[in-house]
Each structure stands twice: as C-alpha cells, then as structure tokens.
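Readers should treat all values here as calculations from the given coordinates under stated rules, not as data from a laboratory. Remember, predicted model here, so these are calculated numbers, not experimental data. Cβ placement follows ideal geometry from the backbone for every residue including glycine, while neighbour counts extend to all protein chains displayed.
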Amino acid sequence: MRRHLTLLVALIALLAVAAPASAQIPPIPPIPPIFPPKPQPTPTPTPVPVPTPERDWRAPGANDPNPLLGTKFYVDMVEQPAAKWYRRYQRSNQPGAAALMYKIASQPIFRWIGKTDRNPERNTRVFLQRAAERSPGAVPGITVLNHEGEKCGGGYTGGGRRKDGRYRRWMQRFVQGLGNHRVTIVFEPDALGTIKCLRGSRRVSRLRNMRYGIRLLSKKPNVTTYIEAGASDWRPAGEMARYLRAAGVGRVRGFSLNTTHFDTNANNLRYGMRISRMLGGKHFVINSDENGRGRVHYRRYISRAANLWRTVNVWCNPRRSALGTRPVATNHPRLDGYLWTSRPAASAGSCRGWNPRFTMRGGPSAGTFWPERALLLARQSNP
C-alpha cells in the first residue's frame, strides 16, 4: 500500500509540472475603433486636353458669325500707289499734298490680281508673304478680275471657248498661290453686271467659269469670299440674285456691291438686303472708297422748249466724287462691313467727249493711279 501511495504522489507531481507547458493563453482580439476610418477620396484623373478646332473663315451659312469682326485689315504702306506718292510728297517738301494723300495711303485697300498677271501663283504668294512679314496677324484683301469683258454687244463672245480653258488654268494657279494664308476675296467685279453684253451662249459659259472658280475658293478654309454683284443703280435685285445663285454663292460667304460704282451706302444697303432675302440670308459687303457724295449725274436736255431731258450718270472720272466710309466691320445682321475693294483714284481713261463740268478729262489709261484725282477725292472727303 505504501508503494501505491508513492506512485500516486509521483503522478500528481508530474501533471503539475506539465500543465503550464500545455496550457496556452488565447490571443486577445484587436479592439475595434469607436469611429470607423474616413474613406480616402478617389483621385480625379487628369483630363486629356482636346485641341480647339481652327475657325472656318469661309462662313457660308446665314447664321455663321461675321468673319470680319475683330479682324485687323492689312494696310500696304509700301507697294500701294497712294503710299508711294505720299512718300514722294514728303521728300519734295509738300506737306499739304502729303497729308491729303495719306487719307488714301493709310487705309486697307484691296490688291487687284487678274488676267494681266501672267504668273498669278507667284504674284499672289509673294504679296501674301510680304503682308504677313510686314504686318503679322493682319488680313489682306484681294480683288480677282479674270473674266474677259472689254466690249459690250454686237455678238461679243468674251474670248470664245478657247478662253474658258485659260480662265480655269489661271484660277487653279491663283488658288494655289493663296496657300494657307487667311485672306478676304472679292470675286470678279462687273462679271455679273455685264453678262448681258455677251452673246447668249457665252453667258452660260461665264457663269460656269465663275462657278468653277468659286468651287476652288470654297475649298480653302482660311479664305472669305464675296462674289461681286454690281451696284444698287445697275441691275434689278431679282436678276442679280439669279446670277449669284448660278455662280455658286451658296458655297461662299456672300456677295459684294459697288466695286466699280459710286452709289451711296444707304442705297446699296437696301439693294443688298433685297438680294439677301432672295438668297436665304446671304451676307454682303459694300465698297465705299469713292462714294462719299454718291453717284454723280446731271440732266442733258433734248429740248429745253419741250422740257425734254435725260439723266446722264457720270461714271468716267466724276469730278464731284469724294472718299467714303473708311473700311470697318459691322454688327449688322447681313452687312458684314464697308471695305475699299476698288482702287481709289484709279483713272477710267481719258474720258473724251464727257462734259468737263462733271468729268476730269485727260486722265491716264484705265486702271492707272492718277495722283491729281487722288488729291481731289481727299480734298472733297469728310474728314
């Protein structure tokens, strides 16, 4: 019995020693926070910049904004004849004449490029490059005169079919010379106004040639084009609207008025609005370089006793003309602006046979700058 008691005591001691090794205290779980953590904001991705599309200066739609607004017009103080005469008067110590000539020289006058330019691509490119160098950001104006219109009536063909191909090749070279320059163009002065001077079959050919030229110009997004549409004292508005539609006016900004005439701004505005309504709201510009006093006309009596007379419209170097509104863009809903799209003080020729009371006779050949006429226009202008 004593032996059994000894074994029991030994067994109890062994268990007491082994218990701490086998019993493990379970880990204390983490205490949850009283307030949950704030969620971290998701970072906003950096937006990819979207390139702003360049403006389409063709603006053919009736609701397109006026491409002339905010435009700095190019003033050619180097090559324009009036600028050359201004410097000549300065050098010869004629301040009065210089001040008068400056009224013309200081204005943005359209450069004329036409069928007499044998290399229209080079001439156009050089002019636009020089304009960009001399006045960065300024927009030049070009008046294009390429149609044949030296005569009127008598079966006049305007050069015949052989001229059609030459016309189109000339237009191709001219449009190539435009490059990517921004420019405002007045297209074909008097071409629509004199269309009835042509033999019937050739009238259609002129419209087709013009439509071809317009199609080329309409592909240039930096070119704003206006087709010349006569003047308020010439063809009826309905007739001119038909011609413009046939020439492709729907492809370009609109039409221009008064390039070779002297009628007032007010008359041309009313006339232009009538044409615009017939064309779905097309926009237009008015040439105002020599219309400061409107058209010049007088009565030529057939019989004073019977009081029979007719009105003579003085278009050949009218003596009573004056410079008109300086070039400016407008906020008018249809009139884009007043521009100098003609060549102020360009002679209309010798004007022999015209009444000297109303006409300056003895001028140089047609189209040549006449300084005496320039001084007269400036002297009679206001201011």
Query raised in the report: Points 7 angstrom from Cα along the Cβ direction at Thr325 and Arg166: gap in nanometres?
Result: 3.9 nm
**Report entry** Three-way shape call for the stretch 256-371 based on the alpha-carbon gyration tensor, with the a/c threshold at 1.5
**Finding:** oblate
Requested in this report: For the chain, please report how many Lys pairs fall under 29 Å Cα to Cα, leaving out neighbours fewer than 8 apart on the same chain.
Outcome: 22
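Within 15 Å, Cβ to Cβ, of Ser106, how many net charges do the neighbouring residues add up to if Lys/Arg are +1 and Asp/Glu are -1?
+3
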Requested in this report: Kindly work out what percent of the DSSP beta bridges joining two residues of the chain are antiparallel, to the nearest 5.
Outcome: 30 percent
Report summary line: Distance in Å, no decimals, from the C-alpha centre of the stretch 318-383 to the one of the stretch 153-205 is 25 Å
Report summary line: Under the rule rounded for a/c under 1.5, else prolate if a/b exceeds b/c, else oblate, using alpha carbon gyration tensor axes a ≥ b ≥ c, the stretch 306-383 is classed as oblate
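Run through the stretch 58-158 and list the trypsin sites (Lys or Arg not before Pro) located in a DSSP loop whose Cβ has at most 11 other Cβ atoms within 10 Å.
Lys72, Arg118
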Report task. Take the Cβ-Cβ distance between Lys151 and Ala99 as r, set R0 to 41 Å, and report the resulting FRET efficiency rounded to the nearest 0.05. Result -> 0.50
Query raised in the report: With the contact rule set at Cα under 8 Å and sequence spacing of 6 or more, what percent relative contact order holds for the chain?
Result: 14 percent
**Report entry** Two-site FRET efficiency, Glu54 against Asn119, from Cβ-Cβ distance with R₀ of 35 Å, rounded to 0.05
**Finding:** 0.75
**Report entry** Which labelled figure in (1) 144; (2) 327; (3) 184 is volume of the Cα convex hull per residue in Å³, once derived from the coordinates
**Finding:** (2)
